[in-house]
Amino acid sequence: MAHHVLLLGGAGKVSRLLTPLLLKRSWNVTSIIRNPDQVADLEKLGESQPGKLSVLVRSLEDIKSDAAAKSLIDEVDADYIVWSAGAGGKGGPERTYAIDRDACVHFINAAVATPSVTKFLLVSYLASRKARPSWWSEESWKAAEHMNNEVLPDYYKAKIAADEALHTAAKKRGSGFAGINLRPGALTTEPAGGVELGKTKTNRGDTSREAVAEVADQLLAADGVKTSWVDLLDGEEDIEKAVERVVREGVDATEGEPFY
């Protein structure tokens, strides 16, 4: 079945790798970007692909309500949504909260309220947690707390709010909707290799952006994927086999969170 993916943050490095993978499936992609100077460059990703790529210039910072987000979803008429957007540390804490938390949550709420949307994939980060999961050591958790509270406190607060919103809203919507939270480690430009996927042994390690894109593509295409947090590091398992295992076993790294 052909799907239409609304890709929020289409000019990002992960999105540029994900877009051609989705188009190769003969799916259509509408990519939302902020800078009109990037349109021509992004449109090249759709050349000689079976799926159709459309690039729309919109500012996610201007999305101030669920209704505004729903208006864009309805305009595009997508059934899958990917959030790979963010302030990227530019514009200070106010802009981080406006995009990484507020706009993201507006799109989550709007997607859940739109019956034709059946999957929402959010790219977060591995250390975004409120509580130590049982499969992490105390040392790993202390490193995560240091990152969240001392290094990137505003980013952490924005992301964990969006992570919680997706899980809670998706569970409320129930069957027929999957809120997938893909959570990589420190992003690199290395080529994709094997992965550690699902519940990773630690929160510290690298993740190839190419692997993030390939796992996202596979999760969107997977039948039976459910609302879940899927943590990701570079590792030893083949990507396709790892995704198949995580979906088949219903692995959910949200376990241990107060809202699980």
Open item on the list: Would you confirm whether or not the range 52-61 contains a residue that is free of Cβ contacts under 8 Å to residues at least 24 places away in the same chain and farther than 30 Å from M1 by Cα?
Closed with: no
Open item on the list: Among the residues that make up the range 90-110, is at least one of them part of a loop (DSSP other than H, G, I, E, B) and either surrounded by 15 or more Cβ atoms within 10 Å (Cβ to Cβ) or of a type outside the set (K, R) (or both)?
Closed with: yes
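Residues checked against (1) within 15 Å of the chain's Cα centre (by Cα); (2) not in a helix (DSSP H, G or I):
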| site | (1), (2) |
| --- | --- |
| P191 | no, yes |
| L197 | yes, yes |
| L219 | yes, no |
| P258 | no, yes |
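Looking only at the range 220-229, decide whether some residue is modelled with pLDDT of 95 or more, within 25 Å of E139 (Cβ to Cβ) and crowded, with 16+ Cβ neighbours inside 10 Å. Spell out how you get there, then give the answer.
Residues of the range 220-229 modelled with pLDDT of 95 or more: 220-229.
Narrowing further to those that are within 25 Å of E139 (Cβ to Cβ): 229.
Right, trim to crowded, with 16+ Cβ neighbours inside 10 Å and you get 229.
Yes.
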Open item on the list: Quick check on L22: is it in a helix (DSSP H, G or I), modelled with pLDDT of 95 or more and not β-branched (V, I, T)?
Closed with: yes
Task: Within the range 49-76, tally of residues that are in contact with a helix residue (DSSP H, G or I) (Cβ under 6 Å, 6 or more places away or on another chain) and in a helix (DSSP H, G or I) - done: 6
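Considering only the range 190-204, state which residues are touching a residue at least 40 places away in the same chain (Cβ under 8 Å), of a type outside the set (K, R) and surrounded by fewer than 17 Cβ atoms within 10 Å (Cβ to Cβ).
Going residue by residue through the range 190-204, those that are touching a residue at least 40 places away in the same chain (Cβ under 8 Å) are 190, 192-204.
Now narrow it down to the ones that are of a type outside the set (K, R): 190, 192-198, 200, 202-203.
Listed by number, the residues that qualify are E190, G193, G194.
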Task: Options T254, T207, T202: the member that is assigned to a loop (DSSP other than H, G, I, E, B), under 18 Å from the mean Cα position of the chain (by Cα) and of a type in the set (S, T, N, Q) - done: T254
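Across the range 99-110, which residue is farthest from T207 (Cα to Cα) among those that are out of contact with any Gly (no Cβ under 8 Å at 6 or more places or on another chain) and without any contact (Cβ under 8 Å) to a residue 60 or more places away in the chain?
Taking the range 99-110 first, the residues out of contact with any Gly (no Cβ under 8 Å at 6 or more places or on another chain) are 101-107, 109-110.
Keeping just the survivors that are without any contact (Cβ under 8 Å) to a residue 60 or more places away in the chain gives 102-103, 106, 110.
Details: D102: 26, A103: 26, H106: 28, A110: 30 Å.
The selected residue is A110.
The values are calculated or read from the model by the stated rules, or taken from the named source; none is laboratory data. What you see is a predicted model; the values in this text were computed from it and never measured. Here Cβ is always computed from backbone atoms with ideal geometry, including for glycine, and neighbour counts include all displayed protein chains.
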